[in-house]
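Here's a structure for you.
The values are calculated or read from the model by the stated rules, or taken from the named source; none is laboratory data. Since this is a predicted model, take the numbers as computed values, not measurements. Every residue, glycine as well, gets a Cβ built from its backbone with ideal geometry; the counts of neighbours run over all protein chains shown.
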């Protein structure tokens with residue numbers, strides 16, 4: 001039975017638990033963002049669980065941003081169990097939930113790894129032998145070596161040893177990334193198709209992901225009506241406001257292409273992104289009477305908009 005609920009990197013529950021994790025630096029206690037950069041899956045136990053709380057966090061970074069030997073692996077950066085549930089069982093469930101959220105991408109070749117600083121944790125005594133990471137080992141992980149720089153113990157769960165994907169529980173107010181669910185608007189299928197076209201010209205775009213948000217202005221701030229989507233080259237995410245799903249198909253296609261162009265060429269501005277999208281797809285990005293991107297009838301980008 002799944003006990004984990006899908007959460008996020010600034011969850012108050014997760015942040016409080018992270019503050020009590022041994023890896024937390026004193027200077028960062030109280031900081032809401034408790035996950036390292038990159039695409040992530042954060043889980044917490046379902047609210048109201050009488051057993052207590054726990055947090056689980058996995059990061060998926062680009063290989064070029066990783067400075068250890070397991071470059072093609074998910075990284076379990078935090079697991080803290082303050083509940084009465086058996087920790088090894090929670091780990092197995094958390095891996096299943098992580099696989100479900102990222103099921104459209106598949107498990108990377110190196111599976112899932114976690115690092116243990118043996119200087120800061122107590123071992124479990126097993127038949128008189130000190131064992132570090134005992135709960136992970138019971139969940140199927142194996143000792144894989146040590147990091148070269150810090151000398152941390154590395155535990156690894158190979159793809160073939162993972163449990164099958166299982167959907168996490170919903171958490172009020174928290175959205176699932178678009179890639180983690182089917183959307184009746186067809187936005188997910190549209191995104192996958194357009195991403196594939198861009199990746200043929202700009203291979204690094206292949207790792208891009210789509211997030212659908214209920215926030216009115218995805219980029220933050222007050223913005224304007226036409227602020228419907230944004231791209232973050234540091235994470236490879238394209239975020240689209242849910243209200244954009246009400247737009248005609250021509251607008252939705254243009255929005256996705258424009259943001260993918262920002263991921264393809266983050267050094268270019270808005271006009272440059274429109275030109276990249278046109279070059280990749282063979283159709284110009286124009287602007288309708290509401291000044292929203294479209295692949296239908298329209299004009300060039302209005303001069304009073306950010307160029």
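Of all the residues that make up the range 237-272, how many are more than 19 Å from the chain's Cα centre (by Cα) and part of a helix (DSSP H, G or I)? Step through it out loud before you land on a result.
As a first pass, look at the range 237-272 and keep what is more than 19 Å from the chain's Cα centre (by Cα): 243-255, 257-258, 261, 265-272.
With part of a helix (DSSP H, G or I) added as a condition, the list becomes 243-246, 249-255, 257-258, 261, 270-272.
Here the count works out to 17.
Might you check whether a residue that is assigned by TED's automatic domain parsing to the domain that holds residue 50 and over 22 Å from residue 3 (Cα atoms) occurs anywhere in the range 73-94? Write out each step before concluding.
The initial filter retains those residues of the range 73-94 that are assigned by TED's automatic domain parsing to the domain that holds residue 50, namely 73-94.
This time we only want the ones that are over 22 Å from residue 3 (Cα atoms), so: 73.
Yes, the range 73-94 has at least one match.
In addition: Among the residues in the range 98-109, are any without any contact (Cβ under 8 Å) to a residue 24 or more places away in the chain and closer than 13 Å to residue 73 by Cα?
Quick first cut of the range 98-109, residues without any contact (Cβ under 8 Å) to a residue 24 or more places away in the chain only: 106.
Okay, now just the ones that are also closer than 13 Å to residue 73 by Cα, so 106.
Yes; the residues of the range 98-109 include at least one that is without any contact (Cβ under 8 Å) to a residue 24 or more places away in the chain and closer than 13 Å to residue 73 by Cα.
Within the range 227-251, restricting attention to residues that are farther than 30 Å from residue 59 by Cβ and surrounded by 16 or more Cβ atoms within 10 Å (Cβ to Cβ), which residue is modelled with the lowest pLDDT? Break it down into steps so the answer makes sense when it comes.
Here is the first cut: in the range 227-251, the residues farther than 30 Å from residue 59 by Cβ are 246-251.
Subset that is surrounded by 16 or more Cβ atoms within 10 Å (Cβ to Cβ): 247, 250-251.
Values: 247: 81, 250: 87, 251: 89.
For the range 227-251, the residue satisfying everything is 247.
Next question. Can you name every one of the strands (runs of 3 or more DSSP E) wholly within the range 134-216 that holds 3 or more residues which are modelled with pLDDT of 90 or more and surrounded by 17 or more Cβ atoms within 10 Å (Cβ to Cβ)? Can you show your working first?
Values: elements: 142-146, 153-157, 209-213.
It comes to 153-157.
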